[in-house]
Amino acid sequence: MGRQKNHSIIRRAIFVGLGAFFIAVVVSVLSQGLMANLRSVLSAIAVLLVIIFVGIIMDVVGTAVTAADEPVFHAMGARRQKGALQGAWLVRNADGVANFCNDVVGDVSSAISGALGAGVALRMATVDRSQLWMEILVTASIAGLTVGGKALGKSYAIRKANRVIHTVGRLIASVGIVPGADKGRKRR
């Protein structure tokens with residue numbers, strides 16, 4: 001049993017690593033293409049800020065899912081609250097959800113924001129000619145926004161975990177996704 005579980009963990013780690021690789025490739029190509037077509041530095045900074053914000057939000061969700069209480073979502077489900085089933089599924093699968101949110105999306109967005117930040121610094125340097133200082137300023141700003149945003153977000157995620165996960169559950173429900181629905185059909 002223990003050996004089978006270890007193989008399962010290793011397979012999942014390989015799958016997550018490959019998934020992160022392909023997500024990073026797709027997002028990098030899309031963001032680099034978008035950045036190449038943007039004419040102004042302000043537009044490029046806006047794209048960069050969106051990527052940083054996505055990383056922070058996903059970090060909040062990944063942290064909240066590990067601190068949320070599944071029975072709360074079962075109680076919400078008994079009252080037929082939208083998103084309760086999805087929230088319960090998220091909490092029940094907290095390890096995978098947290099891994100995806102924090103490590104796959106969060107880390108990929110951090111890496112991409114660093115690469116895009118270098119592009120923004122180069123654009124800014126062509127305007128100002130002090131490239132080294134621009135690179136330092138942009139890199140430090142990205143780090144400060146990312147780390148500070150995640151620190152603030154983690155604190156909120158821990159204090160308001162059930163609220164965060166219920167909000168995510170409602171978003172998932174609004175798209176019409178019912179996690180685990182296929183498993184129930186297969187058993188019959």
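The values are calculated or read from the model by the stated rules, or taken from the named source; none is laboratory data. All values reported here derive from a predicted model rather than from experimental measurement. For neighbour counting, all protein chains shown are included, and Cβ atoms are generated from backbone atoms with ideal geometry for every residue, glycine included.
Per-structure values
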quantity	calculated
Criterion (buried (at least 17 other Cβ atoms within 10 Å of the Cβ) and at pLDDT 85 or above) met by exactly one of Val50, Val54	Val54
Residue satisfying all of: in the range 89-98; buried (at least 16 other Cβ atoms within 10 Å of the Cβ) and in contact (Cβ under 8 Å) with a residue 40 or more places away in the chain; farthest from Gly153 (Cα to Cα) among these	Trp89
Which listed residue is in a helix (DSSP H, G or I), modelled with pLDDT of 75 or more and hydrophobic (A, V, I, L, M, F, W, C), from Leu145, Leu132	Leu145
Residue match in the range 66-86 (condition: at pLDDT below 80 and hydrophobic (A, V, I, L, M, F, W, C))	no
Checklist (1) within 16 Å of the chain's Cα centre (by Cα); (2) surrounded by 15 or more Cβ atoms within 10 Å (Cβ to Cβ); (3) among the hydrophobic types (A, V, I, L, M, F, W, C); (4) within 16 Å of Val50 (Cα to Cα) applied to Val147, failing item	(2)
Set Ser113, Ser43, Ser28: member being in a helix (DSSP H, G or I), over 24 Å from Thr167 (Cα atoms), without any contact (Cβ under 8 Å) to a residue 60 or more places away in the chain and not hydrophobic (A, V, I, L, M, F, W, C)	Ser43
Test: residue in the range 32-41 that is more than 18 Å from the chain's Cα centre (by Cα) and β-branched (Val, Ile, Thr)	yes
Unique residue being of a type in the set (A, V, I, L, M, F, W, C) and out of contact with any helix residue (DSSP H, G or I) (no Cβ under 9 Å at 6 or more places or on another chain) when the list is Val72, Val50	Val50
